[in-house]
Ligand code: IVH
């Protein structure tokens, strides 16, 4: 391999030292954030440190180790999970459902078994019963080497790639009292906040939401592609040791304390009590505070604290005799489904929502429940007038679990999916790969904030300065109802804003006016048609040449365009066929918005050539440079690879330039680039 000048003159020692420094810093900040809950640096600064480490490890692959913080960002998909046999079986617990059962299934039984007096008070460890998934982590010489799911208790699946993404877990145990081998068992779970965000994103993407945080955690842990897991912030609490070689513990309390010293998260609510009544009190207390916890628990677990006693008691079939799971009653209730209303989200997803006769579900009055989507409604055969069972399962809005069919009178009505948007009357589409129904309206009020923000954004109409805050004020002052209204704004309109000066207002007006002469592809992208990103917009502009042609294109004509499949074609066609959208496009034209038709550049003199820009260009902006390349049939791509033909380096070019040098790719300065454009080969 050809070495760059930089690498030849820079001693390798420096890179190694910097890598070590970065890892120490990242581990430190990770700990402050996840274990101590008191970060010292911003997320952006953390990301910068991580990015620097990623770059260095890419350049010096020999420096990569399994414990590097970069290993947490996820790896490419594995074909399937490897099987892992647990050294000791992973047991389950016997359930108790009330105070009486906690006493009888644990304390009474134990004392009989051990021949102890009834009055004797045994020390018990009480812990919340996390509603997640059991996993076993193996640390050898302090280093995390294996992580497996419980599976059938004997054999689980190797999920180490996904477990490495759990930022609160140490990849290496801290301290100097680390056993040669220690197995740590615990629960992987999702915080309620993370769960709700995942579901919001899923609904926006037309994917079916997870029913509860447990399912979401399970789905994340069993991802073959750990880059997806890395985006789902899983958490972990350790609750039991497995095999320990080269060390021992005398009690559960001691074990949890030591695990915590090693840097392993344990539940801070775990508490040692003396006597079974303490365990009953703990169960009742946890039930009271359950709603205020940031994660789901489905009960408590009571364990005999002393490991010697645990060993003496042993196990029967699949559960130990020294512990019991004290389950909370499910948070369910029955009520009447009075009506189904439709809610339109920020991105146009239309969700059916159950309007319920108000009912108390463990202390919270519930009058609405999400029905998620029309598939789910049909699958559960939910009808208006039904008696339904609802459940609160970690979501802000409870869900309908099932219909009590025995209570049907025959007067119930089967709901039908809406033919058009209940808010703006535009057409609705359903993508082949989605469960969601979406409104295609460009002026649908719930979608306006997002629509305008996108319309004005950089890759779209590029109205500089028209960011989120400006959009917010335009909407709250009622100054824009459609994107066309943007072109009707006056200086006086802007002067009503908070903190608005004459100069800023002038700049905004100029940016809006300048966008009138945009290219057709930008305009098409700006319309925010579902599944039409910048690439597709470009392909459409090239294929149809003008907006007038595109507007009347049939689904067949659309599908004949490169990269456009049936669903995307239907989405585009429905968009332009919807009268409210046509109206806005006509208004835009009348207001002088004139998307420029593009000349087809297939087979230009730079056809098939790939360009990468890096550093700051002073002679022209990036967009302009891109247009120059694309105007002659070339492509502009984001990263350097063997397929790159030219790297155009501006001022302060960084790692892309180094990589280009390593790969022996032609590097052009700005002047050379200009010459190439003017005189292509
Ligand atoms: S102790 C041999 N402690 O509950 C007993 N389990 O039915 C090992 N769980 O599969 C389990 N929180 O996934 C224990 N603090 C806790 C727990 C807990 C949740 C789960 C665990 C296990 C199931 C038992």
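The values are calculated or read from the model by the stated rules, or taken from the named source; none is laboratory data. Here the structure is a predicted model, which means the values were calculated and not measured. Positions of Cβ are generated from backbone atoms using ideal geometry, with glycine treated the same way; all protein chains shown enter the neighbour counts.
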Residue 503 being surrounded by fewer than 18 Cβ atoms within 10 Å (Cβ to Cβ), part of a helix (DSSP H, G or I) and either in contact with a strand residue (DSSP E or B) (Cβ under 8 Å, 6 or more places away or on another chain) or free of Cβ contacts under 8 Å to residues at least 12 places away in the same chain (or both): yes
Mind listing whichever residues of region 29-38 are within 19 Å of residue 165 (Cβ to Cβ) and either modelled with pLDDT of 85 or more or assigned to a loop (DSSP other than H, G, I, E, B) (or both)? 29, 35
Kindly indicate which of 98, 107, 45 is away from the ligand (no atom under 16 Å from the Cβ) and more than 30 Å from residue 286 (Cα to Cα). 45
Can you confirm whether region 429-446 contains a residue that is closer than 22 Å to residue 590 by Cα and free of Cβ contacts under 8 Å to residues at least 40 places away in the same chain? no
Would you call residue 182 under 16 Å from residue 139 (Cβ atoms), part of a loop (DSSP other than H, G, I, E, B), out of contact with any helix residue (DSSP H, G or I) (no Cβ under 6 Å at 6 or more places or on another chain) and more than 14 Å from the ligand (Cβ to nearest atom)? no
Subset of region 319-331 [more than 16 Å from the ligand (Cβ to nearest atom) and buried (at least 16 other Cβ atoms within 10 Å of the Cβ)]: 331
Selection from region 395-419 of residues that are over 22 Å from residue 332 (Cβ atoms) and either touching a strand residue (DSSP E or B) at 6+ places or on another chain (Cβ under 6 Å) or in contact (Cβ under 8 Å) with a residue 40 or more places away in the chain (or both): 413, 415, 417, 418
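Which residues, taken from region 396-424, are in contact with a helix residue (DSSP H, G or I) (Cβ under 7 Å, 6 or more places away or on another chain) and surrounded by fewer than 20 Cβ atoms within 10 Å (Cβ to Cβ)? Break it down stepwise before answering.
As a first pass, look at region 396-424 and keep what is in contact with a helix residue (DSSP H, G or I) (Cβ under 7 Å, 6 or more places away or on another chain): 396, 415, 417, 423-424.
Of everything in region 396-424, those that are in contact with a helix residue (DSSP H, G or I) (Cβ under 7 Å, 6 or more places away or on another chain) and surrounded by fewer than 20 Cβ atoms within 10 Å (Cβ to Cβ) turn out to be 396, 415, 417, 423.
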Out of curiosity, is residue 11 closer than 26 Å to residue 641 by Cα, modelled with pLDDT under 80 and surrounded by fewer than 11 Cβ atoms within 10 Å (Cβ to Cβ)? yes
Please specify each residue of region 478-495 satisfying the condition of being surrounded by 12 or more Cβ atoms within 10 Å (Cβ to Cβ) and either farther than 15 Å from residue 452 by Cβ or without any contact (Cβ under 8 Å) to a residue 40 or more places away in the chain (or both). 479, 480, 481, 485, 486, 489, 491, 493, 494, 495
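If we only count helices (runs of 4 or more DSSP H) wholly inside region 188-304, which ones have 2 or more residues that are modelled with pLDDT of 95 or more, surrounded by 17 or more Cβ atoms within 10 Å (Cβ to Cβ) and within 16 Å of the ligand (Cβ to nearest atom)?
Answer list for region 188-304: 252-261, 276-289.
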Looking for something surrounded by 15 or more Cβ atoms within 10 Å (Cβ to Cβ), away from the ligand (no atom under 16 Å from the Cβ), under 30 Å from residue 315 (Cβ atoms) and in contact (Cβ under 8 Å) with a residue 24 or more places away in the chain - is there at least one such residue anywhere in region 59-81? yes
Would you mention how many residues in region 189-221 are in contact with a helix residue (DSSP H, G or I) (Cβ under 6 Å, 6 or more places away or on another chain) and under 24 Å from residue 30 (Cα atoms)? 8
